[in-house]
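Read-outs throughout are calculated quantities, based only on the coordinates presented, and are distinct from any laboratory measurement. Here the structure is a predicted model, which is why all the values come from computation and not from measurement. Here Cβ is always computed from backbone atoms with ideal geometry, including for glycine, and neighbour counts include all displayed protein chains.
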Amino acid sequence: MCDHHELLMAEALELARENVKTGEGGPFGAIIVKNGKVISRASNKVLKLNDPTAHAEIMAIRSACQQLGSYFLDECEIYTSCEPCPMCLGAIYWAHISKIWYCASRADAAKAGFDDSFIYDQININLKDRSISCEQLLRKEAMKAFDEWISFEDKKPY
């Protein structure tokens with residue numbers, strides 16, 4: 001018999017499979033759970049929303065944050081049909097999600113046409129050597145905003 005984790009993962013997989021049928025995005029689904037209760041469910045909506053950031057994990061994080069009224073999901077776990085891409089992994093860390101459960105690997109995703117290896121490689125390359133040109137401007141002026149943040153007494157750290 002399936003345990004609780006397998007049932008939740010099966011639901012994430014079903015979201016992924018249903019998403020293929022709707023054509024709203026790729027075959028990806030995600031569920032966020034807090035204390036055993038499902039807080040949010042989402043599938044990839046890249047095509048529907050014309051938004052390259054509308055991955056299942058991002059959509060689930062956005063929904064969970066709205067449901068809980070918090071930008072921290074530190075008591076939550078995410079069940080996702082595939083190992084998170086670099087963007088989603090970053091968002092999961094920013095949200096302070098405590099555990100990632102996943103099915104397919106990034107190698108599996110690459111075989112299906114969702115290859116993120118190029119992005120993983122770019123992260124480790126010196127800025128001047130990346131495939132997208134990066135040029136810094138107005139750093140001194142930008143530091144004023146950081147200085148204001150540092151001295152702002154009512155800030156909420158995140």
Task: Rounded Å value of the spacing that divides the Cα centres of the range 1-73 and the range 74-130 - done: 15 Å
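Over the chain, what is the relative contact order in percent, taking alpha-carbon pairs closer than 8 angstrom and at least six residues apart? The partial results should precede the final answer.
Numbers: 236 pairs, mean separation 24.7, N = 158.
This gives 16 percent for the chain.
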- [ ] Assuming a ≥ b ≥ c are the square roots of the Cα gyration tensor eigenvalues, decide whether the chain counts as rounded (a/c under 1.5), prolate (otherwise, with a/b larger than b/c) or oblate.
- [x] oblate
Open item on the list: I need the shape label for the range 1-47. Rule: rounded when a/c is under 1.5, else prolate if a/b > b/c, else oblate, with a, b, c from the alpha carbon gyration tensor.
Closed with: oblate
Task: Separation of the residue 67 and residue 131 label points, Cα + 7 Å toward Cβ, nm - done: 3.6 nm
TODO: Note down the magnitude of the dipole of the chain about its Cα centre, charges +1 on Lys and Arg C-beta and -1 on Asp and Glu C-beta and zero elsewhere, to the nearest 20 debye.
DONE: 240 debye
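How much of the DSSP bridge set in the chain is antiparallel, in percent, rounded to the nearest 5? Write out the running numbers ahead of the final one.
Numbers: 11 of 16 bridges.
Expressed as a percentage, antiparallel bridges in the chain total about 70.
Expressed as a rounded percentage, what relative contact order does the range 1-86 have, with Cα pairs under 8 Å and six or more residues apart? Before the final figure, lay out each step's value.
On the way: 158 pairs, mean separation 24.8, N = 86.
This gives 29 percent for the range 1-86.
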